[in-house]
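Provided herewith is a single structure, encoded as structure tokens, for subsequent inquiry.
The values are calculated or read from the model by the stated rules, or taken from the named source; none is laboratory data. In this text the structure is predicted, and so the values were computed from the model without any measurement. Cβ coordinates were reconstructed from backbone atoms using ideal geometry, including for glycine residues, and neighbour counts include every protein chain displayed. Calculation scope for accessible area: heavy atoms of the full protein, side chains included, ligands and nucleic acids excluded. Shrake-Rupley method; radii C 1.70, N 1.55, O 1.52, S 1.80 Å.
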Amino acid sequence: MNKKTIKDIDIYDKKVLVRVDFNVPVIDGKITDDNRIVEALPTINYLLEKGASVILMSHLGRPEGKPDKKYSLEIVSKRLQELLPNNKVIMATDVTGKDAKGKAKKLQMGEVLLLENLRFDAREEENDKDFCKELASLAEVYVNDAFGTAHRKHASTYGVAKLLPNAIGFLIAKELDVIVGTINNPKRPFVGILGGAKVKDKIGIIDSLLNTVDSLIIGGGMAYTFLSAMGYNIGNSLFDKDNVETAKNLMKKAEEKGVKFLLPIDFVETPDFNDVVNYRNTKDQNISEGYEGVDIGKKTIKLFSKEIKKAKTVIWNGPVGVFEKKEFAVGTYAIAKKLTKVKGTTIIGGGDSASAVINMNLADKMTHISTGGGASLKLFEGKILPGVDVIDNI
Ligand code: AMP
């Protein structure tokens with residue numbers, strides 16, 4: 001990688017502004033998973049050990065451009081203080097206002113200041129020039145370590161980087177090394193597994209993976225548009241009528257490239273998405289009238305498992321069923337379990353497939369679980385992330 005990392009820049013006695021991804025799940029005022037905070041610690045600790053003072057900035061939830069107590073990062077600052085017992089963690093009550101400016105100015109070597117939620121200011125997502133300047137004025141160096149938002153061109157992930165000496169942190173560096181390194185040089189057979197709801201969101205990635213994988217497994221709500229294009233009945237299942245032709249073209253491309261394109265051969269169907277009583281396994285690819293497909297079926301689990309077993313490299317993004325309901329999570333969990341048996345590299349794109357793996361306590365059995373769903377998908381697709389692109393080359 002040719003981008004500067006924090007090891008390549010001068011940080012001693014400097015105020016370093018770090019974009020982190022502290023967008024943690026909060027339920028009833030409690031952080032239910034602090035993994036994103038923990039993942040940022042190597043960079044924060046390194047900067048502190050090398051004599052910097054650290055100003056952290058993140059978003060949390062979707063407060064829609066104005067302050068909203070529900071999305072305050074206060075709760076994160078408390079957790080961070082527990083994780084950094086030897087350093088003082090200070091919370092600012094605003095983003096670039098009087099409080100943040102005053103506290104940033106007074107910040108001492110070895111101290112940490114956490115700014116309030118970036119999305120309390122609408123200018124963040126607009127990559128507003130003045131907001132970028134206000135952020136930059138707080139510090140002397142900029143570091144991006146928020147992999148989860150590195151595919152966004154926001155003020156804190158993009159614009160501000162142009163105004164200060166800059167680098168990426170250890171988390172982004174690790175994500176790039178593992179994901180890009182694997183995709184560019186996979187051990188074969190290389191199997192891609194894609195699930196999730198919509199074909200529309202995954203066209204780019206299917207198209208580009210067809211240039212590199214040996215097999216592509218398709219599950220989830222996306223599968224029905226492909227099956228419909230092949231003439232099967234899909235009942236009330238998810239269907240993307242605008243992309244039927246695209247689905248046909250992608251299958252044609254797979255054939256031309258000699259890529260095995262694996263679609264489900266049976267499903268779990270139910271009369272209604274929320275009906276977890278009257279569900280049943282279909283006989284074949286066809287969904288009954290008045291039913292919708294909500295998970296891959298038993299024969300499909302076997303078929304997909306066989307393909308996964310042969311792989312030396314697997315990348316996976318998206319659940320193969322409505323995994324939020326345990327009755328329809330069987331396929332997704334079976335895939336996760338099978339991945340633990342792969343004798344090679346297993347990379348889980350963030351988001352739902354990562355949650356499934358973590359819920360099953362299988363995280364330590366995978367090579368890499370990405371901390372960013374959208375960002376890892378972009379890397380799977382061979383795209384460059386704006387939040388990385390903007391960083392200076394070595
Ligand atoms: P995505 O964000 O595109 O990865 O989609 C994830 C969502 O796809 C999850 O919320 C799943 O419940 C949903 N999903 C997966 N399979 C199906 C299906 N067969 N029908 C409807 N939704 C599905």
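Which of the residues spanning region 338-353 are open to solvent by less than 10 Å² (accessible area, probe 1.4 Å) and either aromatic (Phe, Trp, Tyr) or without any contact (Cβ under 8 Å) to a residue 40 or more places away in the chain (or both)? Break it down stepwise before answering.
Start the filter on region 338-353 by keeping residues that are open to solvent by less than 10 Å² (accessible area, probe 1.4 Å), which leaves 339, 346-350, 353.
Listed by number, the residues that qualify are Leu339, Thr346, Ile348, Gly349.
Looking only at region 183-229, filter to residues that are within 11 Å of the ligand (Cβ to nearest atom) and of a type in the set (D, E, K, R); which one of those is modelled with the lowest pLDDT?
Per the stated criteria, the residue is Lys198.
Would you check if Ala146 is within 28 Å of Ala354 (Cα to Cα), aliphatic (A, V, I, L, M) and within 16 Å of the ligand (Cβ to nearest atom)?
When the stated conditions are applied, Ala146 does not pass them.
I'd like to check something: does region 221-234 contain any residue that is open to solvent by 10 Å² or more (accessible area, probe 1.4 Å) and under 23 Å from Gly373 (Cα atoms)?
yes
Evaluate the following for Gly192: is it of a type in the set (Gly, Ala, Ser), within 18 Å of the chain's Cα centre (by Cα) and surrounded by fewer than 24 Cβ atoms within 10 Å (Cβ to Cβ)?
No: the conditions fail for Gly192.
Let me ask something else about it. Checking Glu39 against (1) touching an Asp or Glu at 6+ places or on another chain (Cβ under 9 Å); (2) modelled with pLDDT of 95 or more, which test does it fail?
Of (1) touching an Asp or Glu at 6+ places or on another chain (Cβ under 9 Å); (2) modelled with pLDDT of 95 or more, only one is false for Glu39: (2).
When you go through Ile265, Ile296, Ile315 one by one, which is the residue that is more than 18 Å from Leu209 (Cβ to Cβ) and buried (at least 22 other Cβ atoms within 10 Å of the Cβ)? Walk me through how you get there before you give the answer.
On the way: Ile265 fails: buried (at least 22 other Cβ atoms within 10 Å of the Cβ); Ile315 fails: more than 18 Å from Leu209 (Cβ to Cβ).
Ile296 is the lone residue from the list that is more than 18 Å from Leu209 (Cβ to Cβ) and buried (at least 22 other Cβ atoms within 10 Å of the Cβ).
Being modelled with pLDDT under 95, under 29 Å from Asn359 (Cβ atoms) and not hydrophobic (A, V, I, L, M, F, W, C): is that true of Arg19 here?
No.
If you don't mind, another one. Looking at Lys252, is it closer than 20 Å to Ser305 by Cα, away from the ligand (no atom under 16 Å from the Cβ) and open to solvent by 10 Å² or more (accessible area, probe 1.4 Å)?
So Lys252 fails the test.
Take Asp240 and tell me if it is away from the ligand (no atom under 16 Å from the Cβ) and surrounded by fewer than 22 Cβ atoms within 10 Å (Cβ to Cβ). Can you show your working first?
Numbers: away from the ligand (no atom under 16 Å from the Cβ): no; surrounded by fewer than 22 Cβ atoms within 10 Å (Cβ to Cβ): yes.
Here the answer is no, as Asp240 does not meet what is asked.
Among (1) open to solvent by less than 10 Å² (accessible area, probe 1.4 Å); (2) in contact with a Cys (Cβ under 7 Å, 6 or more places away or on another chain), where does Leu163 come up short?
(1)
Among the residues of region 354-370, count how many are buried (at least 24 other Cβ atoms within 10 Å of the Cβ) and over 24 Å from Leu303 (Cα atoms).
So the answer is 1.
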